[in-house]
Amino acid sequence: MRAANVGCGRALNNGIRMNDKPNKLDRLQQLADIAWRGEMSNAEARELEDLLTDDPAAQECFVDNFQLDAELRMIVNSQQALQRVRERIEAVEVAGTPRLGIATGSPGLGRRRARQFSAAIALSLLIAVGWFVMRDRWSPPEIETVAILKAAVGCLWEAEMLSVGDEFRTGQTLRLKEGVAEIQFASGVTVVLKGPAALQLDSARGAQLRNGTLSAFVPPHAVGFVIEAPGLKVVDLGTRFGLTTTAGGTTEVHVFEGRVQASLVDRQGEALQTVTLKKSEAAVIEPVKLTLSQSAAAADQFAFDHSLKQDSARRVPLAINGGSSWEGWTLQGASNQLGIYGSGSTDDVYNIYTTVFTFDNHAVSGKPAGSAGFAPGAHSVGAFANGHTVLGIGIERTSGSPIATPTIKFDVGNDSYAAASSVGGGDGKTSDSNTHAGDFNTQFNYDQRNTWKTETLVVFDGLGKFGELTGNLVAYDYAFRAFAVKDPISNKTVSYQLFFDLDTMKLLYGPGNPGVGIGSLGSEITFAINGLGNNHAVIENLSIKASNDER
């Protein structure tokens, strides 16, 4: 059940134009109802995220709706119980007092005794019904699996040893003495706990950080996920954020992507002050002083799911097979995900994987289409030699148009391309017109006739033009390689694994090249992908420093 738009009208009056308010308000109400029932599709989650983005009034309304729904359910239960009491009292009075053994010699006395007896019954029934209502309200939640331990690095647990794959149930508290643990909630939320820390699992959509440090990634379909900490309640609006408590009693929330609603709460859990934090913003809460102040976000104290996956990846061989499996790769996210979405269609969706490793006799497994292994050619002498740093970029289709011609667009200065501020938004920077001198594009194409079309590498001059390098139009004879997997039925390519020998690229395509040279590669690089249909994704500031532990 849902309430009418109580409170939302007031909340949204300032955020929506009068002629737009009914439609947006009604749709927000519908989506909140779907989210409450746990029936939200990915498309509806993206629509809800768009409605909440940059609209504090809508965000407040959405959160209030969840709280109001719970309160209304309690009221209705109470009203139904009281109605049953009234019906039973009326039944007693209608039946007459003789059935109940009350003397009726004096009419007035009989009526008074009947009323007294009815009142006694009413009181007893109210106590009994009240007990059942309160029992329903306060009884422990149904025991269910709400999360699993997805990964663990150097973990030492306080009570019992936990292993990857272990399931956690409602109300369970995880006490981590040291190490980093990745917890996957049934709602799709990922929480990375950094010891020492204690985390109580309330449900698939909420938890309490008793002490310590965590980071959380909340995908669009899990918007509304709640984490509480001393003096703080955080309601996610589709984001990646961190939460930490200190020995001095303060609690901090740091936002790295998207937005959260952070509330300073008293001991009864009542919100005293609420702020909406955006990317790169933070809030510091002092429960004793009941104060909330804002500052800049800092990521260095947190562990994240992608870095944890990189640590775990070092323990398994790297899958080089065109994308039939992804062992040893880091899943950065989906192309329609906030923080990655750049521009274009949100229906054409592909996952993006990366890996950075030191080449050491790596070989291709299986029989993917594409380049003839890692052997260097006449125009890529010295490529993929042992000891070279190699960047891998993976593209895996999940929905929408087939992968036709993926173009990887490198931003060597990390200042040309940027993700949009909202999924479906128009402020992403993915166009070639944003490039600076030294940025470059690589293009791959595996056609339906089981042959590779010519790959290309072009370098931009900073004036919106580009020049082709020597060796261009020589099929896959570059310091990069591509392997692909296609659907045997449709004969369409479903995944690519692309590998770039960064050391050889600097040597062959940098300054001194007969054509226009690529820019200097630092410790990080940003790249955009044109992968499916017209969907452009952006991965910003990816570290391209290889780990010696990766194989």
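The values are calculated or read from the model by the stated rules, or taken from the named source; none is laboratory data. All values reported here derive from a predicted model rather than from experimental measurement. Cβ atoms come from the backbone with ideal geometry, glycine included; neighbour counts cover every protein chain shown.
Please determine whether any residue of the range 267-283 is more than 18 Å from the chain's Cα centre (by Cα), free of Cβ contacts under 8 Å to residues at least 60 places away in the same chain, in a strand (DSSP E or B) and buried (at least 21 other Cβ atoms within 10 Å of the Cβ).
Yes: one or more hits.
For residues that are part of a strand (DSSP E or B) and under 24 Å from residue 153 (Cα atoms), tally how many sit in the range 203-228. Step through it out loud before you land on a result.
Of the range 203-228, the ones part of a strand (DSSP E or B) are 203, 206-218, 226-228.
Now restrict to residues that are under 24 Å from residue 153 (Cα atoms): 206-218, 227.
Residues meeting the conditions: 14.
Would you mind listing the strands (runs of 3 or more DSSP E) fully within the range 449-551 where at least 2 residues are under 21 Å from residue 365 (Cβ atoms) and at pLDDT 85 or above?
On the way: elements: 456-460, 466-468, 480-486, 493-501, 524-532, 536-543.
Strands (runs of 3 or more DSSP E) meeting the threshold: 480-486, 493-501.
Kindly indicate which of 222, 247 is surrounded by fewer than 23 Cβ atoms within 10 Å (Cβ to Cβ) and over 23 Å from residue 33 (Cα atoms).
Result of the check over 222, 247: 247.
Select, from 187, 215, the only residue that is among the small types (Gly, Ala, Ser) and closer than 15 Å to residue 282 by Cα.
That would be 215, the only listed residue that is among the small types (Gly, Ala, Ser) and closer than 15 Å to residue 282 by Cα.
Report yes if residue 249 is of a type outside the set (A, V, I, L, M), within 30 Å of residue 295 (Cβ to Cβ), touching a residue at least 12 places away in the same chain (Cβ under 8 Å) and in a loop (DSSP other than H, G, I, E, B), otherwise no.
yes
Please go through (1) under 30 Å from residue 425 (Cβ atoms); (2) modelled with pLDDT of 85 or more for residue 309 and return the number of the only condition it doesn't satisfy.
Among (1) under 30 Å from residue 425 (Cβ atoms); (2) modelled with pLDDT of 85 or more, residue 309 violates only (2).
If the requirement is being under 36 Å from the mean Cα position of the chain (by Cα), modelled with pLDDT under 90 and among the polar types (S, T, N, Q), which of these qualifies: 163, 118?
Sole residue among the options that is under 36 Å from the mean Cα position of the chain (by Cα), modelled with pLDDT under 90 and among the polar types (S, T, N, Q): 163.
Quickly run through the range 408-424 and pick out the residues that are part of a loop (DSSP other than H, G, I, E, B) and over 22 Å from the mean Cα position of the chain (by Cα). Steps first, answer last, please.
Taking the range 408-424 as the starting set, the residues that turn out to be part of a loop (DSSP other than H, G, I, E, B) are 412-417, 419-424.
Answer for the range 408-424, where residues must be part of a loop (DSSP other than H, G, I, E, B) and over 22 Å from the mean Cα position of the chain (by Cα): 412, 413, 414, 415, 416.
So, in the range 425-445, how many residues would count as being in a loop (DSSP other than H, G, I, E, B) and at negative phi?
Counting residues in the range 425-445 that are in a loop (DSSP other than H, G, I, E, B) and at negative phi gives 12.
Anything in the range 176-192 that is without any contact (Cβ under 8 Å) to a residue 60 or more places away in the chain and either of a type in the set (Asp, Glu) or part of a strand (DSSP E or B) (or both)? List them, or say none.
Of the residues in the range 176-192, the ones without any contact (Cβ under 8 Å) to a residue 60 or more places away in the chain are 176-179, 181, 183-189, 191.
Matches in the range 176-192: 176, 177, 178, 179, 181, 183, 184, 185, 191.
Could you please let me know if residue 364 is surrounded by 17 or more Cβ atoms within 10 Å (Cβ to Cβ), in the same structural domain as residue 428 (by TED's automatic domain parsing), assigned to a strand (DSSP E or B) and at pLDDT 85 or above? Give the steps one after another, and end with the answer.
Values: surrounded by 17 or more Cβ atoms within 10 Å (Cβ to Cβ): yes; in the same structural domain as residue 428 (by TED's automatic domain parsing): yes; assigned to a strand (DSSP E or B): no; at pLDDT 85 or above: yes.
Criteria not met by residue 364.
Determine whether the range 373-388 contains at least one residue that is closer than 25 Å to residue 492 by Cα, crowded, with 21+ Cβ neighbours inside 10 Å, of a type outside the set (Lys, Arg) and in contact (Cβ under 8 Å) with a residue 24 or more places away in the chain.
No - not one qualifying residue is present in the range 373-388.
Select from the range 369-416 the residues that are more than 26 Å from residue 517 (Cα to Cα) and hydroxyl-bearing (Ser, Thr, Tyr) and write down the one among them that is modelled with the lowest pLDDT.
Among residues in the range 369-416 that are more than 26 Å from residue 517 (Cα to Cα) and hydroxyl-bearing (Ser, Thr, Tyr), the one modelled with the lowest pLDDT is 401.
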